Amino acid sequence: MKVFISGNIAPVGLKELEANNILVTQWKENRQISPEELIEACQGQDALISVGPNKINAGFLKACNHLKVIALHSVGYDNVDIAAAKALNIPIGNTPGVLSAATADTAFLLMLAVSRKAFYTHKKIIKGEWKNYEPSPELGIEVNGKTLGIFGLGKIGLEMARKCIGAYNMSVIYHNRSHNEEAEQVIGARYVSFEELLAQSDVLSIHTALTPETKDKFTLGVFKQMKPNSIFINTARGGIHNEKDLIKALKEKIIWGAGLDVTNPEPMDKNNPLLAMENVAVLPHIGSATEETRAAMAQIIVKNIVAGLKEEKLPFEVK
């Protein structure tokens, strides 16, 4: 059996594929593979491990309908036409659960970096602008005892909430399509309406999937419903917030700051005004980028690939 990998995965995954007598062909160029190149590369292959933002759309699936299984190197599957895959009987696997802690760490890091203007003041050192003591330089704000709002309280959001409660005794409110009874019982999270979430959150952290319902959910009108001293954090998908509106909200002090691990588009242009703002911290989509998490993701990917090649039910299948 043969599998094409459209990027890099942890070495443990490659070793396990080899141990299962699966022949690997891997994209080695230091750039994202194009849609046309991906289709061509998958010809003669039995499976695909999709690394990065490849569009697994109806056109790709029709051109590669011979594939027995597609395994995603991610939890999110907003770039996959699930209905088209089901129609062609191509199972799609993802990597849920294992990256929750690492992604929550990134959200927590961004919250602190924004609240203390850490990225901006670090750049001042690099520029040689570190002056003697000033009583009121670029002052940050504290998060101790504040209210954390979570939009999309699932596994990652729950990890973020636990960290904020443990470190800073923050209270937690959230908005989901349905109640998260585990979070309510375990950490005392309180369900609120979307409007209440905006009005009451000191830190609003996004942990929902990108869907037609959540695409461009956070527009200027939404930011205007938030507190003027609030911090917006997005480690989910860049398409959930409207970036032009976010820039306007920050420039006009409609909200206090923002921390992003995801942008729209990705990669972000180096001249994006967000990168020069003192109350903004941006990371290049590193939410799951730890050795331990990437190794765990690779192992799940192999389980999905092996099951799919055997025409068995995937252990982590996107429904």
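Derivation of every value follows stated rules applied to the coordinates shown; laboratory data play no part. Keep in mind it's a predicted model, so treat the numbers as computed, not measured. All Cβ positions, glycine included, derive from the backbone under ideal geometry; neighbour counts span all protein chains shown.
Computed values, structure above
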| item | result |
| --- | --- |
| The chain: angle of helix 155-168 to the longest principal axis, Cα-based, in degrees nearest 10 | 30 |
| Semi-axis lengths (Å, descending) of the ellipsoid that matches the C-alpha gyration tensor of region 1-136 | 41, 17, 16 |
| Region 100-282: C-alpha gyration tensor shape, a/c 1.5 cut-off, then a/b vs b/c | prolate |
| GLU196-ASP216 pseudo-label distance in nm [points 7 Å out on the Cα-to-Cβ vector] | 2.9 |
| Relative contact order (%) - criterion: Cα under 8 Å, at least six apart; region: the chain | 21 |
| Under 20 Å from LYS310, Cα to Cα: aspartates and glutamates that are on another chain or at least 8 residues apart | GLU16, GLU18, ASP46 |
| Directionally averaged projected area (convex hull, Cα atoms, the chain), nm² | 17.8 |
| Cα-based helix-to-principal-axis angle, 100-115 vs the chain, degrees rounded to 10 | 30 |
| Mean Cα-pair separation over length for region 134-290, i.e. relative contact order, pairs under 8 Å, 6 or more apart, % | 18 |
